[in-house]
């Protein structure tokens, strides 16, 4: 078993699920369990400048530059330790399906959980290769423990192969990315990289330097509860008012009807009673102007309904979350060009696509660290049908190593 796969199989068994709504960082103390393992492994492989932020659970480390390459650009690689709270990450039991034959994969006989090629036709592109899958009761955690495993394998390879010429490499592992807090306490100055890559993408070849502009909104609706037998012209049903608000948003700008560069309004949660209700939304668009227009429409609907039902019926708390990193990366397109060139040299087809979401790299780019996103090799993140290809992970380790060499060419 290669080092990257050995690492991965160990990491996914450590429960690091983050918790949305927590007021602390990290949101769950169990993320330290993986952080401590990574610190120990970094020490054992001979990495330098190893730091564990004991207050906020960030891990930093360095692979020193080859002799004569001390002035080469410092390149960082970043991945996140937490897994999504969408599906449990407790008691993950991965297995390797060797020499995949193209048939449906039974993940769990007892619970009749089957990963079908009809539902996931991209599986057929991996015939003859090895896939790591779940037992059908949990997610796998390739998002982003695959990225961590690949970065760790890259670091160990560089440390044990001094003949490979590279500049200083910085490593960073973050908590709470899945709940949007991964960059909250990331110390860009301490990290000290000139440029970086997050290793947090999907299938082999994916390379992303565009993401959504993003905002979150909570719509609080104040109704009026009256006995339904005497409710005429008196009751204001907050749940129905919430439905009315939703009905005024463009139907076609719903995530289930959008793709590629198309933005959306997403009703993520709705709860309440006749007396009061709360609707939680996320608003997304790649285009900054369209993003601002979406927010304006959202707020104007609230204003219109307040005029209709009375001031204070609708209260909207809308906050920006992150912005499209393309605005930053375009100033340093060598990050994308070098990654594409290495992929092509390795026989990997670059798939340059916009992220229909966000990564730590989006926020880090606006914090002064240009940071596009590289593939991990995984599929179906955040669910029990998550899987990853062994050969893809091994190729990505090679990809990371070769990127470090690209930035050391001038010192050879």
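The values are calculated or read from the model by the stated rules, or taken from the named source; none is laboratory data. Every value quoted in this text rests on a predicted model; they were computed, and no experiment measured them. Glycine gets a Cβ as well: all are built from the backbone with ideal geometry, and neighbour counts include every protein chain shown.
For the reader, a short list of remarks on this structure follows.
- Criterion: more than 21 Å from residue 191 (Cβ to Cβ) and under 19 Å from the mean Cα position of the chain (by Cα) - qualifying residue of 140, 124, 131: 140
- Residues within the stretch 78-88 that are touching a strand residue (DSSP E or B) at 6+ places or on another chain (Cβ under 8 Å) and either exposed (fewer than 15 other Cβ atoms within 10 Å of the Cβ) or more than 15 Å from residue 177 (Cα to Cα) (or both), tallied: 1
- Condition met for residue 403 (assigned to a helix (DSSP H, G or I), over 18 Å from the mean Cα position of the chain (by Cα) and within 21 Å of residue 169 (Cβ to Cβ)): yes
- Scan of the stretch 341-366 for residues that are buried (at least 16 other Cβ atoms within 10 Å of the Cβ), assigned to a helix (DSSP H, G or I) and touching a residue at least 60 places away in the same chain (Cβ under 8 Å), ordered by number: 342, 343, 360, 361, 362, 363, 364
- Of the residues making up the stretch 114-147, those that are part of a loop (DSSP other than H, G, I, E, B), surrounded by fewer than 24 Cβ atoms within 10 Å (Cβ to Cβ) and in contact with a helix residue (DSSP H, G or I) (Cβ under 8 Å, 6 or more places away or on another chain) are 117, 129, 130.
- You will find that of 150, 163, 178, 156, the residue that is part of a helix (DSSP H, G or I) and over 26 Å from residue 325 (Cβ atoms) is 156 and no other.
- Condition met for residue 201 (touching a strand residue (DSSP E or B) at 6+ places or on another chain (Cβ under 7 Å), touching a residue at least 24 places away in the same chain (Cβ under 8 Å), surrounded by 24 or more Cβ atoms within 10 Å (Cβ to Cβ) and part of a loop (DSSP other than H, G, I, E, B)): yes
- Among the candidates 115, 81, 45, residue that is touching a residue at least 40 places away in the same chain (Cβ under 8 Å) and under 22 Å from residue 404 (Cα atoms): 45
- The condition (being under 18 Å from residue 74 (Cβ atoms) and out of contact with any strand residue (DSSP E or B) (no Cβ under 8 Å at 6 or more places or on another chain)) is satisfied by just one residue among 188, 226: 188.
- Of all residues in the stretch 181-190, those satisfying the criterion of being surrounded by fewer than 21 Cβ atoms within 10 Å (Cβ to Cβ) and touching a residue at least 12 places away in the same chain (Cβ under 8 Å) are 184, 185, 187, 188, 190.
- Yes/no for residue 290 being in the same structural domain as residue 237 (by TED's automatic domain parsing), surrounded by fewer than 18 Cβ atoms within 10 Å (Cβ to Cβ) and under 26 Å from the mean Cα position of the chain (by Cα): yes
- Count - residues of the stretch 168-180 that are at pLDDT 95 or above and surrounded by fewer than 24 Cβ atoms within 10 Å (Cβ to Cβ): 1
- Yes/no for residue 68 being buried (at least 19 other Cβ atoms within 10 Å of the Cβ), assigned to a loop (DSSP other than H, G, I, E, B) and at pLDDT below 95: no
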